[in-house]
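Okay, structure first, notes after.
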Amino acid sequence: MSRGEPVCPRCARALHPPGVWSSAWRCDLHGEVVPLQPSLTPGAEQLASVASRAEVPVWVPWPLPIGWLVTGVRYAGEDRGPARAVATACSGPGLLGGPVDLVLVAEEPGIGLGAHYAGLSSTDPGPDIARLPSDTKVSAAGHPTPLWSVPLPEDRSVYVGEAAGLWLWLVVWPVGEWMVVHDELTLVDLRAPGHGLDVPFGAPTPRLAS
């Protein structure tokens, strides 16, 4: 279902595959990691396949903003095995008139995929972030979910929170389109049985490929 070789979810470096003495994938920089599989061409079959094996939510904003499309999906986990982190991408016109990309990541603590897309050098945002007032909130599978903004590279806006005991990241390019993440934004988990969403798809975004 995927092409290419898995990479490190924290830095996108090539990995050493499991061998005789270890069943783990290893990164020269980060040691044992969960392998990040290549980005998949966006489509109903690919999205359904990942959702059927995911141990974390497969988040999609619903309803999508006008003119927006789902433009990619990527997961961390063994090929054809359980997905322990999932990134979905959506793209469309922004309020400022240019194109916008939004990457949503659900992951187990310690995977580091959301932090990688956010531009963090650490794996997680750290426990101190929740001690500050939240900056916004979204509805995640029907539950109000506070989010905190993370000051990072100047080319993107980053929000992070916790949903069902898992990290939830929302990363927006360009930085000036941060208002894509707002209090009325509703996220749907595509693992939910019978969600019945007719998800529209567009050309793959390069945001997931890096």
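The values are calculated or read from the model by the stated rules, or taken from the named source; none is laboratory data. Keep in mind the model is a prediction, meaning the values are calculated, not measured. Here the Cβ is made from the backbone with ideal geometry for all residues, glycine too, and neighbour counts use every protein chain on show. Note: accessible area is taken over every heavy atom of the protein model, side chains too, but ligands, DNA and RNA are not part of it. Shrake-Rupley method; radii C 1.70, N 1.55, O 1.52, S 1.80 Å.
A few notes on this one:
- Selection status of LEU166, within 20 Å of ILE129 (Cα to Cα) and in contact with an Asp or Glu (Cβ under 9 Å, 6 or more places away or on another chain): yes
- Residues being part of a loop (DSSP other than H, G, I, E, B), modelled with pLDDT of 95 or more and open to solvent by 10 Å² or more (accessible area, probe 1.4 Å) - total across the range 40-56: 1
- Counting only residues that are open to solvent by 20 Å² or more (accessible area, probe 1.4 Å) and under 15 Å from VAL103 (Cα atoms), the range 160-179 holds 5 of them.
- Selection within the range 111-133 - open to solvent by 40 Å² or more (accessible area, probe 1.4 Å) and over 24 Å from ALA89 (Cβ atoms): PRO127, ASP128, ALA130, ARG131, LEU132, PRO133
- Per the listing ASP101, ASP124, the residue uniquely acidic (Asp, Glu) and in a loop (DSSP other than H, G, I, E, B) is ASP124.
- Search result, residues across the range 12-39 that are in a loop (DSSP other than H, G, I, E, B), at negative phi and open to solvent by 30 Å² or more (accessible area, probe 1.4 Å): ARG13, PRO17, PRO18, GLY19, VAL20, TRP21, SER22, SER23, ASP28, LEU29, HIS30, SER39
- Pick from the range 57-70, criterion open to solvent by 10 Å² or more (accessible area, probe 1.4 Å) and either in a strand (DSSP E or B) or among the aliphatic types (A, V, I, L, M) (or both), ranking: farthest from THR88 (Cα to Cα): ILE66
- Test set (1) in contact with a His (Cβ under 6 Å, 6 or more places away or on another chain); (2) closer than 21 Å to ALA209 by Cβ - ARG26 fails condition number: (2)
- Search result, residues across the range 187-203 that are open to solvent by 50 Å² or more (accessible area, probe 1.4 Å) and either more than 16 Å from the chain's Cα centre (by Cα) or closer than 22 Å to SER157 by Cβ (or both): PRO193, GLY194, HIS195, GLY196, ASP198, PHE201, ALA203
- Exactly one residue out of GLU177, GLU184 is of a type outside the set (Phe, Trp, Tyr), touching a strand residue (DSSP E or B) at 6+ places or on another chain (Cβ under 9 Å) and part of a helix (DSSP H, G or I): that is GLU177.
- Odd one out for ALA209, checked against (1) at negative phi; (2) surrounded by 17 or more Cβ atoms within 10 Å (Cβ to Cβ): (2)
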